[in-house]
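First comes the structure, then the notes that go with it.
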Amino acid sequence: MNPRLALPLIGILLTPLAAVAQEEAPEDQELKIEWTAGPKKVDLGSIAGIELSQGQLFTGTRDANRLLEAMGNRASPDIVGLIAPDNEEEEWMLFFEHRAVGYVKDDEKDDIDADALLKSISEGTEQSNELRKARGIPAIHVTGWQDPPHYDEKTHNLVWSVLAKDDNGVE
């Protein structure tokens with residue numbers, strides 16, 4: 001197996017930061033996140049690095065998982081970091097995951113089943129809504145692709161991002 005073909009999965013979840021700030025911790029307990037401000041190069045675990053632009057913030061595995069939990073999600077050992085805007089006017093978060101689960105052969109790159117992948121992501125998200133409901137946090141529903149899955153021949157990665165909204169209609 002060609003090690004360059006190991007398949008890191010990178011996904012985007014667009015989530016309002018204002019909603020996270022309200023739901024991240026009880027009023028008497030503040031969630032403290034260690035942020036790195038751009039412009040700066042940061043490491044995504046031991047698998048890659050990324051250049052932060054001015055106006056972007058980064059946090060690593062531990063605090064990214066703490067934010068996930070504060071939003072009513074399960075922590076994931078696959079999370080290697082997240083990027084968010086450094087202002088309250090923009091409402092998005094970019095989570096990076098890595099799973100060394102296989103590889104995409106060059107001759108299979110055009111056979112990616114986007115519909116099946118979206119269905120799997122959606123079903124997993126809906127299952128996680130039970131935990132969100134138990135924590136009193138609005139459910140999240142996958143609404144489609146922001147960036148459909150495609151194989152990046154230069155980096156040998158499968159890249160994709162989904163759109164989602166919560167029960168309050170926040171995308």
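Tabulated results
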| quantity | calculated |
| --- | --- |
| Residue in segment 140-151 that is modelled with pLDDT of 85 or more, in contact with a Gly (Cβ under 6 Å, 6 or more places away or on another chain) and on the phi > 0 side of the Ramachandran plot present | no |
| Residues within segment 155-171 that are open to solvent by 60 Å² or more (accessible area, probe 1.4 Å) and among the β-branched types (Val, Ile, Thr), tallied | 1 |
| Residue in segment 118-138 that is surrounded by the fewest Cβ atoms within 10 Å (Cβ to Cβ), counting only those that are over 30 Å from SER53 (Cα atoms) and among the hydrophobic types (A, V, I, L, M, F, W, C) | ALA134 |
| Residue in segment 141-154 that is surrounded by 14 or more Cβ atoms within 10 Å (Cβ to Cβ) and outside any strand (DSSP E or B) present | no |
| All positions within segment 111-140 that are over 21 Å from ASN65 (Cβ atoms) and assigned to a loop (DSSP other than H, G, I, E, B) | ILE112, ASP113 |
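The values are calculated or read from the model by the stated rules, or taken from the named source; none is laboratory data. Note that the structure is predicted; figures quoted are calculated from it, not measured. Please note: Cβ atoms are built from the backbone with ideal geometry, for glycine as well, and neighbour counts cover all protein chains shown. The area values use the complete protein model at the heavy-atom level, side chains included, leaving out ligands, DNA and RNA. Shrake-Rupley method; radii C 1.70, N 1.55, O 1.52, S 1.80 Å.
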